[in-house]
Amino acid sequence: MPMHKTSAWPLALVYAGLIVYASLYPFANWRDQGIAPWLFLTAPWPKYWTGFDVVSNVLGYMPIGFFLTLGALRTGHMRWAAWVAVPVAAALSLAMETLQIYLPSRVPSNLDLVLNILGAALGALSAWGLEKLGVLQRWSRFRASWFVADARGALVLLALWPLALLFPTTVPWGLGQVMERLEAALARLLADSPLLEWLPVRDIELQPPLPVSEWLCMVLGLVIPGLLGYCVIRLGGKRLWFLLWMAVFGVGVTSLSAALSFGPEHAWIWLSTPVRGALVVALVLLALLLWVPPRAAAALAVLALGIDLSLINQTATDPYFEQTLFLWEQGRFIRFHGLAQWLGWLWPFAALVYLLSRAWGKELRN
């Protein structure tokens, strides 16, 4: 297979970072117990474990094995693809389990290590199998037909968008609400320090969003990834298909987030009349922009991001949302918390950097 750029490498790097965060969260109260950090390797198998633990450890490392193998296959390194992917994932898992012995809230486990390696191996075998079945070649043809040549950055961001939506948001699709937590974190960091006096203090506390601001944030929350796709998807009916699938993922993943937070019976509680109206308006706007040139799409997305981030960071979180966050930060949701929270915070800012480069950079022909 000829060597060329692939989105698998940046996706593998991003996912490795998420694994580090999920494995070492909350990064607090580090201590040395005076025992060898690798002692867990020779400890007996854990007596108590659940099916959720097994599935989450296996599934958690499947993507890293898949992306590493896929990256090697897509760049022409057929011989060593799976043989390197699994040891790299195993080394990452071993490092995370070893470091967990210094965290009071985490427990290193040899069973977790074995399950992580198994997950990475299954991911690697999946990528290898797709290659043997010719799926990767079909994907290459599909990508060449649908996307411009330099589409890697946008494809990575679009692949991460549904994961970012898993973490609860104040308003549906309202990613990037970081101001309130950033201020609190800075206040804790600068406590008992003269620098605390330099911390900007608002005259008025943040207020819950007005209905019109909340509705506009929902509309822009869908318009932004749509315009991001328009930056790299060729003009014509392909954009319409992308628009429909984006709506499906946006609604489906938000419902999954609600189901994880409140139970399966409440999966669609968020889809109220104003939300449905915002969904329709966003789709109509994107339909009207189907033929907009890629650079113009990037410029419009930058404008939409500026308005969206400004509105959403001028509003406070309500008590019900805080209770939802508490549920996500406890028990088994800690794994999802680590994988999704930072994506929900940082995705709009990463998209903003990318879109600015597209708007200012050299226009790519369709």
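A short reminder: the numbers here are calculations on the coordinates, not readings from a lab. This is a predicted model, so every value here is computed, not measured. In this analysis, Cβ positions are derived from the backbone assuming ideal geometry, glycine residues included, and neighbour counts consider all displayed protein chains.
For this structure, a couple of remarks:
- Exposure proxy for Asp150, Asp112, Asp53: other Cβ atoms within 10 Å of each Cβ, ordered fewest to most, give Asp150, Asp53, Asp112.
- Residue ranges 62-69, 275-282, 136-143 sort as 62-69, 275-282, 136-143 when ordered by packing (mean number of other C-beta atoms within 10 Å per residue, highest first).
- Additional length obtainable on full extension of the chain from Trp291 to Val88, 0.36 nm per residue less Cα span: 68.7 nm
- Cα pair distances in the stretch 96-191, grouped into 5 Å bins until the bin that holds the longest one, percent each: 2, 9, 8, 9, 13, 16, 16, 12, 8, 4, 1, 0
- Protection-proxy order for peptides 16-29, 85-98, each taking the mean of Cβ atoms within 10 Å per residue, highest first: 85-98, 16-29
- Coordinate range of the alpha-carbon atoms in the stretch 216-296 per principal axis, descending: 42, 19, 17 Å.
- Largest first, the extents of the alpha carbon coordinates of the stretch 8-146 on the three principal axes equal 56, 27, 26 Å.
- Peptides ranked, highest mean first, by Cβ atoms within 10 Å: ranges 224-232, 118-126: 224-232, 118-126
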